[in-house]
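Undergrad: This is the structure I want to talk about, given as structure tokens.
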Amino acid sequence: MSQYRTFTAADAVEYARQFGGVENPENLVTSQEVGDGNLNLVFKIFDREGHSRVVVKQALPYVRCVGESWPLTLDRARIEAEVLQVHSEFCPEHTVKILHYDPQLAVMVMEDLSSHAIWRGEQVKGVDYPQAAAQLGSWLAQTLFHTSDFYQHPHQKKADVIRFTNPELCDITEELFFNEPYEEHERNGYPRALEPLIASLRTDAELRHKVAVLKHRFLSNAEALLHGDVHSGSIFVAQGSLKVIDAEFGFYGPLGFDVGSALGNLLINYCALPGLLSPREAADAREKRLNDVRATWQSFAEGFLALAAEKTRDRALAYPGYAAEFLRKVWVDTLGYCGTELIRRTVGMSQVADIKTIGDDAMRIECVRQAVTLGRTLILAADHIEDIDALIARVRQNG
Ligand code: SR1
Ligand code: MG
């Protein structure tokens, strides 16, 4: 059995030679640690010609961006690898390929995606990927439908709920999404000028009630095997191609959480664009981002309903009209979780480059204000925003 040790750059090369499945593994000679996320080590492994060939990712026994004072289970590497394997089974086109993993070393070897770029970085620069949103919606439909009660055998579903019970990573989400932004908390961070707005989140009884409902559903509704952290930093894109990575927050939860997180990150970018690009470029990029929001939802909803019509295996859930009714509930959840993502990424810990990159202080404050007010609106009005057109109208009204 392997003993856990933190990999050096040389360990990562040696590991890739053994388990990367590349031809002529002795040609793998160097590595570079490129992890820029909050949790893990990520090594790109290069051959003698300087081409990166595979990626080695290792979980650290603590939260990387905080340090050893915040210990974190290594079991997240097993969960990440196994969620990606399940999602790959149903959507290989848009899920990163896991070539090997070792739960004791908390390490996995993955396909190299150097031909792609992280979508968030591209959105920050204003680079458009016209097919990405529909592809993301399709990935959401495939992964969520096939792991839901519509499709999964009930015995397998119950076994998988146990296999993917992920208490420590869910605890992070439960705190960061649903508690801390609505409290005075040392991990929060926002411009001082917005103190009255942020303080109003704490005292808004209706908002706090709606957030409690969303948290309760996150805690207790095991509807499908979620990715659990669908943000634009977990998505690689190239023209015509999209790959989802980083599934360590995976667990069985409400579908709307994954869909809402995806839309929330597109809308954070929408709010940030005036601070990132010239006025004309920003206006153009904002229209494209709204198109992305529409395409993501439509592709998800149409994909889910088509799969439900064709492949539902539960005889009761196959009753005509039930899938559409369920999707209605997913829509309301999606709006609520989208709102919580907008707020937690701008008020709480783990803020995003879309906002942090804005150089002008006044502009950054205005973009955060827009994201927070939009988030609040979506949480409060989720039951009354009928469809994707109504959502886009609300976004435009927000500013
Ligand atoms: C302590 S981890 C903070 C955040 O980073 C991850 O990517 C998740 O989004 C998590 O909420
Ligand atoms: Mg991540």
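Undergrad: Quick one: Lys158 ticks every box in (1) assigned to a helix (DSSP H, G or I); (2) closer than 21 Å to Gly37 by Cα bar one, so which box is it?
TA: (2) is the only condition that Lys158 fails.
Undergrad: Of the residues in region 9-62, how many are part of a loop (DSSP other than H, G, I, E, B) and either of a type in the set (Lys, Arg) or over 19 Å from Ser114 (Cβ atoms) (or both)? It would help to see each step written out before you state the result.
TA: Our first condition is that a residue be part of a loop (DSSP other than H, G, I, E, B); within region 9-62, this holds for 20-24, 34-39, 48-51, 60-61.
Cutting the leftovers down to either of a type in the set (Lys, Arg) or over 19 Å from Ser114 (Cβ atoms) (or both) gives us 38-39, 48, 60-61.
Result for region 9-62: 5.
Undergrad: If a residue must be part of a helix (DSSP H, G or I), open to solvent by 30 Å² or more (accessible area, probe 1.4 Å) and not acidic (Asp, Glu), how many such residues does region 161-182 contain?
TA: Filtering region 161-182 down to residues part of a helix (DSSP H, G or I) leaves 161-163, 167-178, 180-182.
Now drop any that are not open to solvent by 30 Å² or more (accessible area, probe 1.4 Å), which leaves 161-163, 167-168, 171, 174-175.
Still in the list and also not acidic (Asp, Glu): 161-163, 167.
Adding up the residues that qualify gives 4.
Undergrad: State whether the residues of region 117-128 include one that is in contact with a strand residue (DSSP E or B) (Cβ under 9 Å, 6 or more places away or on another chain) and closer than 19 Å to Val54 by Cα.
TA: Taking every residue of region 117-128 in turn, at least one turns out to be in contact with a strand residue (DSSP E or B) (Cβ under 9 Å, 6 or more places away or on another chain) and closer than 19 Å to Val54 by Cα.
Undergrad: Could you pull out the residue among Leu378, Leu290, Leu342, Leu374 that is within 20 Å of the chain's Cα centre (by Cα), assigned by TED's automatic domain parsing to the domain that holds His153, in contact (Cβ under 8 Å) with a residue 24 or more places away in the chain and closer than 17 Å to Ala133 by Cβ? Break it down into steps so the answer makes sense when it comes.
TA: Working: Leu378 fails: closer than 17 Å to Ala133 by Cβ; Leu342 fails: closer than 17 Å to Ala133 by Cβ; Leu374 fails: closer than 17 Å to Ala133 by Cβ.
Answer to the check: Leu290.
Undergrad: Test Ser241 against the criterion of being under 30 Å from Gln156 (Cβ atoms) and modelled with pLDDT of 95 or more, and give yes or no.
TA: Values: under 30 Å from Gln156 (Cβ atoms): no; modelled with pLDDT of 95 or more: yes.
No.
Undergrad: Suppose we keep only residues that are within 16 Å of ligand 1 (Cβ to nearest atom) and of a type in the set (D, E, K, R) within region 233-253. Which one would you say is surrounded by the most Cβ atoms within 10 Å (Cβ to Cβ)? Let's see the steps before the verdict.
TA: Going through region 233-253, the residues within 16 Å of ligand 1 (Cβ to nearest atom) turn out to be 233-236, 244-251, 253.
Okay, now just the ones that are also of a type in the set (D, E, K, R), so 246, 248.
On the way: Asp246: 24, Glu248: 27.
For region 233-253, the residue satisfying everything is Glu248.
Undergrad: Of everything in region 29-43 that's open to solvent by 60 Å² or more (accessible area, probe 1.4 Å) and away from ligand 1 (no atom under 16 Å from the Cβ), which residue is farthest from the chain's Cα centre (by Cα)? Don't jump to the end; show me each part of the working.
TA: Restricting attention to region 29-43, the residues satisfying the condition of being open to solvent by 60 Å² or more (accessible area, probe 1.4 Å) are 30, 32-33, 36, 38.
Then drop every residue that is not away from ligand 1 (no atom under 16 Å from the Cβ), which leaves 30, 32-33.
Working: Thr30: 30, Gln32: 25, Glu33: 22 Å.
My answer is Thr30.
Undergrad: If you don't mind, there's one more thing I want to ask. Mind checking which pairs have a first residue in region 81-95 that is more than 19 Å from Gly137 (Cβ to Cβ) and a second that is part of a helix (DSSP H, G or I) and open to solvent by 30 Å² or more (accessible area, probe 1.4 Å), Cβ under 8 Å, 6 or more apart or different chains?
TA: Glu82/Arg163
Undergrad: Take Thr346 and decide whether it is open to solvent by 10 Å² or more (accessible area, probe 1.4 Å) and among the hydroxyl-bearing types (Ser, Thr, Tyr). Steps first, please.
TA: On the way: open to solvent by 10 Å² or more (accessible area, probe 1.4 Å): no; among the hydroxyl-bearing types (Ser, Thr, Tyr): yes.
For Thr346, the condition - open to solvent by 10 Å² or more (accessible area, probe 1.4 Å) and among the hydroxyl-bearing types (Ser, Thr, Tyr) - is not met.
Undergrad: Within the set of pairs 6+ apart or on separate chains, which have a first residue in region 66-78 that is over 13 Å from Asn40 (Cβ atoms), a second that is within 13 Å of ligand 1 (Cβ to nearest atom) and open to solvent by 50 Å² or more (accessible area, probe 1.4 Å), and C-beta atoms under 6 Å apart?
TA: Between residues of region 66-78 that are over 13 Å from Asn40 (Cβ atoms) and residues that are within 13 Å of ligand 1 (Cβ to nearest atom) and open to solvent by 50 Å² or more (accessible area, probe 1.4 Å), the close pairs are Glu68/Tyr62; Trp70/Tyr62; Pro71/Tyr62.
Undergrad: So, one more: Please state which of the following conditions Leu317 fails to meet, knowing it meets all the rest: (1) buried (at least 19 other Cβ atoms within 10 Å of the Cβ); (2) more than 18 Å from the chain's Cα centre (by Cα); (3) in contact (Cβ under 8 Å) with a residue 60 or more places away in the chain.
TA: Tallying (1) buried (at least 19 other Cβ atoms within 10 Å of the Cβ); (2) more than 18 Å from the chain's Cα centre (by Cα); (3) in contact (Cβ under 8 Å) with a residue 60 or more places away in the chain, Leu317 fails exactly one: (1).
Undergrad: Another question about this same structure. Give the residue that is nearest to the chain's Cα centre (by Cα), with candidates limited to residues of region 71-80 that are farther than 17 Å from Ala159 by Cβ and open to solvent by less than 50 Å² (accessible area, probe 1.4 Å).
TA: Selected residue: Glu80.
Undergrad: Restricting to region 212-232, give me the number of residues that are open to solvent by less than 20 Å² (accessible area, probe 1.4 Å), within 16 Å of ligand 1 (Cβ to nearest atom) and either outside the structural domain of Glu174 (by TED's automatic domain parsing) or not hydroxyl-bearing (Ser, Thr, Tyr) (or both).
TA: Residues meeting the conditions: 6.
The values are calculated or read from the model by the stated rules, or taken from the named source; none is laboratory data. Remember, predicted model here, so these are calculated numbers, not experimental data. Don't worry about glycine lacking a Cβ; one is built from the backbone with ideal geometry, like all the others, and counts go over all protein chains shown. The protein model used for the area step is the full one, side chains on, heavy atoms only, and it has no ligands, DNA or RNA in it. Shrake-Rupley method; radii C 1.70, N 1.55, O 1.52, S 1.80 Å.
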